[in-house]
Amino acid sequence: MRAYLFAALACAVAAGAMTAAGEARAQGLNGATGFGKASRRPDEEKQKQYIPATKPTEKIFPLDSIWTAVSINGKPFGGSDRPSFIIDKQYRARGYGGCNTFAATAFPLREQHLAVGPLALTKKSCDKSLQASEQAFLVALRTAAQWDLVGSQLVIKSPNGELRFDRAL
């Protein structure tokens, strides 16, 4: 009796496998087992594969470039002694504020953020209007939050203003 049940069970399994193989041939899958490209239906092949969105490429801060200030908050810097600065590969910022020279540590961070440390500044006496312009420049640079390259200009944004720079030759 047991042998009869095993034989009947084996026949049922074989018949099910034959039926599945017959259905696969009828659908044009040529005996595929369900894996790989041959198991897909023609309408599934036409659907586009999902590709996750990529993050925009992050810009790299231009180290070892000298930048000369063009404007602060849309107001152009006048005269030939415009503020300028450079950040070298050791993340040391050095520059000229219009009257005094300065040095600081400056780190370009992810997502185009910028961290500028405390400024070491010479104490040359200057004209009051030049001193006020230099002070506004240094405060905006010191509190820099984000930077961006727009065309050929470097734009540094801070809560105290927006600085625009041209690359010096």
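The values are calculated or read from the model by the stated rules, or taken from the named source; none is laboratory data. Every value quoted in this text rests on a predicted model; they were computed, and no experiment measured them. Glycine gets a Cβ as well: all are built from the backbone with ideal geometry, and neighbour counts include every protein chain shown. Surface areas here come from the heavy atoms of the whole protein model, side chains and all, with no ligands, DNA or RNA. Shrake-Rupley method; radii C 1.70, N 1.55, O 1.52, S 1.80 Å.
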Inset, instruction - Test residue 112 against the criterion of being surrounded by fewer than 19 Cβ atoms within 10 Å (Cβ to Cβ) and on the phi > 0 side of the Ramachandran plot, and give yes or no. - result: yes
Checking 109, 114, 119 in turn, the sole residue that is free of Cβ contacts under 8 Å to residues at least 12 places away in the same chain and within 15 Å of residue 143 (Cβ to Cβ) turns out to be 109
### Query
Out of all the residues in the stretch 116-133, is one or more surrounded by 15 or more Cβ atoms within 10 Å (Cβ to Cβ) and in a strand (DSSP E or B)?
yes
Margin query: Quick check on the stretch 99-112. Is at least one of its residues in contact with a Ser or Thr (Cβ under 9 Å, 6 or more places away or on another chain), closer than 22 Å to residue 169 by Cβ and outside any strand (DSSP E or B)?
Written below: no
When every residue in the stretch 134-169 that is modelled with pLDDT under 90 and either in a strand (DSSP E or B) or open to solvent by less than 40 Å² (accessible area, probe 1.4 Å) (or both) is compared, the one nearest to residue 67 (Cα to Cα) is 168
Somewhere in the stretch 77-97, is a residue modelled with pLDDT under 90 and in contact with a strand residue (DSSP E or B) (Cβ under 8 Å, 6 or more places away or on another chain)? yes
Output for Cβ contacts, cut-off 8 Å, separation at least six or different chains, first residue closer than 15 Å to residue 153 by Cα and open to solvent by less than 100 Å² (accessible area, probe 1.4 Å) in the stretch 73-94, second among the aromatic types (Phe, Trp, Tyr) and assigned to a loop (DSSP other than H, G, I, E, B), reads 83/77
Going through (1) of a type in the set (Gly, Ala, Ser); (2) open to solvent by less than 20 Å² (accessible area, probe 1.4 Å); (3) assigned to a loop (DSSP other than H, G, I, E, B) one by one, residue 69 fails only at (3)
Taking first residues from the stretch 123-141 that are closer than 14 Å to residue 83 by Cα and second residues anywhere that are open to solvent by 60 Å² or more (accessible area, probe 1.4 Å), the pairs with Cβ under 6 Å that are 6 or more apart or on different chains are 139/160; 140/160
**Asked** within 17 Å of residue 76 (Cα to Cα) and touching an Asp or Glu at 6+ places or on another chain (Cβ under 7 Å): does that describe residue 155?
**Response** yes
